[in-house]
C-alpha cells in the first residue's frame, strides 16, 4: 500500500498536507501522532472513505479503486476501528457474513424469499475462523466474547474480503495486558503469512513491541518514517510533539512540595471490607485528601469493577464506602455525586459523552441544579461555565456550542474530566484516564489529576498503564480481586508489573 502527495481539505481546514505512507507486505507499520495530526484523515483516504483533493493511492503497484466503490476498497484494505463494529446480539457467524449471507451459506441463500442455510453458514464461519487461527465458536453471540476475541472476529471478517492490508485503529484501547498479549501473538502469526498491518496507537511501548517501522504525522504533515529500532523513544516523542520529549511531560516538571502535610481528620475516602462477588474483595482502602492513590491491575483483576463501585455504577455485595465519614448509599450514581465523588469512566464513547450534544452541554451535565433558579437551566450561565472549563482545561474547540463528537480524542477526554471536576468533588475516581489519547494530551490530563489532589481532593486512579500510575503518591496492585502489594514513590516497572501479574512479593 502506497500513498503519495495526499492533500485533503474540509472547508477552510487543511486536514492533510502532502501526506505519504508506504506499508510493505508482511510489515507491521506504526502510524503515530498527536490528536489532530492527520492520522484519521489519512486512514479515511486509504480506505476510500475520503476522496483526496490531490495525491495518489496505490495497492501492489496498481491504482486504487474508484472512490465510492466500497466492495472494491474492502478487497484491498480493511480497517478494524477502535469502537467495535460487530453487532452484539448476532452470533459470530452472522457477524462474519453480515450483508453477504450468500457468501457463507451457498449460492442464492438469502436472496428474495429463499431461506438462509444456517448450518452451512456456521460451517463456513468455522472454516474461515480456522483459516486465520481464531478459536471461537461461531454460534456464540458477539456480546458474550471477550474484547480480544471480538477483535479477532473483526480481523477475520476484514481479511475474508480478500484484503492483505489491515488498519488497526487503537486496537488495545479497551484491552488488558492479557488481551494485548493475545492480540499481538495473533498479529505476528498473520504477519508471518504475509498480512500487513498499519498500527495506530498512542502507546509508544506497543510500537516498540510489535512494529518494524514507524511513521509520524504532526500538524497535518508527514514528519518522519524510520525503522523502529533506529528511533529512540525520546526522539519519537519529540517528533510527535515538535519539542524535546522531556519538555512535554509537564506534570512531572511542575515542582511539588516534599512531604506536604495532607488534610488531617477524617479521611476523604474510606473503603471497608468491600466485596463484589465474582469480581473483587474484600478490599480496604484509606485515601486522605491531597493524595493520589493508584489501583493497578487489569480489568480481569477486578480493578475496573472496583472503580465503578466507588462511583455508584455497581452495587457491592457487602462492605461500606465512606466520604468524609459519611456512608454513601451503594449502587447509586446520584448518591455518589451528592457525597462528592467525581467520576471519569473507562470508555468515554460509551459512558463519558453525549456525542450529539455540544461541549457546553457535556461539561455541565452534572450541574443542572446550579445553572438557574428552580431547576431551570439558563443558556447564558451554561455557556459562561463552559468557557471557564474550556480555558481551565485547554480544550481545543471552536467554542462552547461545537458538537463534542467533532473534537479530537484528547479534547473529548478533557471534556469528560472537566465534567467530573465541575462540582469540585472531594473524591475523584478516574478509570484509565488517558486511554486512547496522544502523548501531549496524556501529560495534560495527568497534570489535571495531580492538581486536583493538590487542591484538596482525594484521587483514585484505576489503570494498568504505568504512565498513569507514575502520577500517584501510592499504588496498590490488585490481582484476582485482592490487594497483593502496595508501593510508595520510587517503585520500579518490573516490581509493579510483577505484582499485577501475581508473581511479585506479597506486602
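The values are calculated or read from the model by the stated rules, or taken from the named source; none is laboratory data. All of these numbers come straight from a predicted model, not from anything done at the bench. In this analysis, Cβ positions are derived from the backbone assuming ideal geometry, glycine residues included, and neighbour counts consider all displayed protein chains.
If the condition is being assigned to a helix (DSSP H, G or I), touching a residue at least 60 places away in the same chain (Cβ under 8 Å) and under 20 Å from the mean Cα position of the chain (by Cα), then the range 148-178 contributes 150, 151, 153, 154, 155, 177, 178.
Taking residue 415 as the residue in question, decide whether it is closer than 26 Å to residue 242 by Cα and in contact (Cβ under 8 Å) with a residue 40 or more places away in the chain. Considered against the rule, which asks whether it is closer than 26 Å to residue 242 by Cα and in contact (Cβ under 8 Å) with a residue 40 or more places away in the chain, residue 415 comes out as yes. No other residue among 234, 219, 181 is surrounded by fewer than 18 Cβ atoms within 10 Å (Cβ to Cβ), in the same structural domain as residue 18 (by TED's automatic domain parsing) and under 26 Å from residue 4 (Cβ atoms) apart from 219. Summed over the range 72-110, the residues that are closer than 29 Å to residue 409 by Cα, loosely packed, with under 13 Cβ neighbours inside 10 Å and at pLDDT below 85 give a count of 1. For the range 205-216, residues that are at pLDDT below 90 and either over 14 Å from residue 28 (Cα atoms) or surrounded by fewer than 17 Cβ atoms within 10 Å (Cβ to Cβ) (or both) total 1. Checking each residue in the range 285-336 for being touching a residue at least 40 places away in the same chain (Cβ under 8 Å), more than 26 Å from the chain's Cα centre (by Cα) and in a strand (DSSP E or B) picks out 285, 287, 318, 319, 320, 321, 322, 323. Evaluated against (1) modelled with pLDDT under 90; (2) surrounded by 13 or more Cβ atoms within 10 Å (Cβ to Cβ); (3) outside any strand (DSSP E or B), residue 44 falls short on exactly one condition, (1). Candidates in the range 292-316 are the residues that are in contact with a helix residue (DSSP H, G or I) (Cβ under 6 Å, 6 or more places away or on another chain) and within 23 Å of residue 489 (Cα to Cα); of these, the one that is modelled with the lowest pLDDT is 298. With (1) closer than 24 Å to residue 32 by Cβ; (2) in contact with a strand residue (DSSP E or B) (Cβ under 6 Å, 6 or more places away or on another chain); (3) surrounded by fewer than 18 Cβ atoms within 10 Å (Cβ to Cβ) as the list, and residue 401 as the residue in question, which single condition is left unmet? Checking residue 401 against (1) closer than 24 Å to residue 32 by Cβ; (2) in contact with a strand residue (DSSP E or B) (Cβ under 6 Å, 6 or more places away or on another chain); (3) surrounded by fewer than 18 Cβ atoms within 10 Å (Cβ to Cβ), the one that fails is (1).
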